[in-house]
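> What follows is a single structure, and I will ask about it in a moment.
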Amino acid sequence: MNFSPQKRGNLESISLVTQLLCFSAIPLLVAIRAFAKNKLHLAFGVEDASCYAALVRKREPDRLLYYQSSQAPSKQCMLTNKIFYIATMFYVPMVLFVKTSLIYIMIRVWSPYQGKVIALYSFLGFIIAYYTVILFVKIFTCSPIHLFWDFNYHDGTCLNRSAIIITDSLVSVITDLAILIFPIVLSWKLHMPISKKLRTIVILGSGGIAVAFSINRLVLVICQRNSPDDIDVFMRVLLSDNAEGGLGLICACMPSISRLLRHYNEIWRRQRREQQCEIELCASLNPRRNCDPEEPRIFPQISPSTLGEEHCTSTMKK
């Protein structure tokens, strides 16, 4: 198996960027998501459990990529296949949990619409069934199992590895496209302003942009299925899988983070209204005084919520 130093250097750079993203940004966003759920007193649901489980599953492929990039090229043949096999065992559940989280977020949003919920549950059922089957297919690709990485052992059989990877990549493209399209189709028929429709589509459909990495992986495995440079292909597939799962996790955090930002924006706007109210109240009670909002309250016994509420409200309306 060939593995040129130039290719290896490029892959190590990509791997480093991927690991920095996975080890820093993703746990931080998941932590903010958990804080948002607690701060806003939102119920803990299946989408939350799936998101946290996906984060746990995501850690091992990241470590495997680092271990892979730290080995000597001359000793990589068997090691690469072992790492690829182990990473697959983590990748499949991770993607399942990420997509389950994204779909359950949609189910929660469209819970009043029975037909849409049934369609989403049917789609979720297909995803669970497929990834359960493909996990066992990948575990038992070779019999005995160690034949997957030990090419010196000739007493056994293996399924067509390229066909499995191509099929898996194709299904990933289809499911990612569905996650991208579902919010567009379901939101466009709702009776709400266009701006709200677009915001809903962007927040809920953002997980579908992982389709770019799915398509990249599909093109990669089709174009290089007969390439002798297997280590290069395996590394690129692992990196693409890692990026797809990481991006899906980031997108699964967006709805909760968006609600948290709206919550703080409403608090800020309310404080601004109260401050403006106090200034107007001060000006009405003492027209000759300069009512600076930075100064201590001039009339501590008077607040907009008590004495001047009616005046403030009427003034704001004007």
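> Mind listing just one residue for me: the one in segment 71-123 that is within 26 Å of Ser162 (Cα to Cα) and polar (S, T, N, Q) and, of those, modelled with the highest pLDDT?
Among those that are within 26 Å of Ser162 (Cα to Cα) and polar (S, T, N, Q), it is Thr88.
> Asp168 - would you say it is touching a Ser or Thr at 6+ places or on another chain (Cβ under 6 Å), part of a helix (DSSP H, G or I) and charged (D, E, K, R)? So that I can check it myself, show each step before the final result.
On the way: touching a Ser or Thr at 6+ places or on another chain (Cβ under 6 Å): no; part of a helix (DSSP H, G or I): yes; charged (D, E, K, R): yes.
Taking the combined requirement at face value, the residue does not satisfy it.
> What's the number of the condition Cys158 fails, among (1) without any contact (Cβ under 8 Å) to a residue 40 or more places away in the chain; (2) closer than 30 Å to Leu29 by Cβ?
Failing condition for Cys158: (2).
> Also: State whether the residues of segment 179-202 include one that is under 23 Å from Phe84 (Cα atoms), assigned to a helix (DSSP H, G or I) and in contact with a Lys or Arg (Cβ under 7 Å, 6 or more places away or on another chain).
Let us first name the residues in segment 179-202 that are under 23 Å from Phe84 (Cα atoms), namely none.
No, every residue in segment 179-202 fails to be under 23 Å from Phe84 (Cα atoms), assigned to a helix (DSSP H, G or I) and in contact with a Lys or Arg (Cβ under 7 Å, 6 or more places away or on another chain).
Yes or no, residue by residue, for (1) at pLDDT 75 or above; (2) crowded, with 16+ Cβ neighbours inside 10 Å; (3) over 16 Å from the mean Cα position of the chain (by Cα):
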{"site": "Asn216", "(1), (2), (3)": "yes, yes, yes"}
{"site": "Arg225", "(1), (2), (3)": "no, no, yes"}
{"site": "Val233", "(1), (2), (3)": "no, yes, yes"}
{"site": "Ser240", "(1), (2), (3)": "yes, yes, no"}
{"site": "Gly248", "(1), (2), (3)": "yes, yes, no"}
{"site": "Met254", "(1), (2), (3)": "yes, yes, no"}
{"site": "Arg262", "(1), (2), (3)": "yes, no, yes"}
{"site": "Arg272", "(1), (2), (3)": "yes, no, yes"}
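The values are calculated or read from the model by the stated rules, or taken from the named source; none is laboratory data. All values derive from a computational prediction rather than experimental measurement. Every residue, glycine among them, receives a Cβ derived from its backbone with ideal geometry; neighbour counts consider all protein chains shown.
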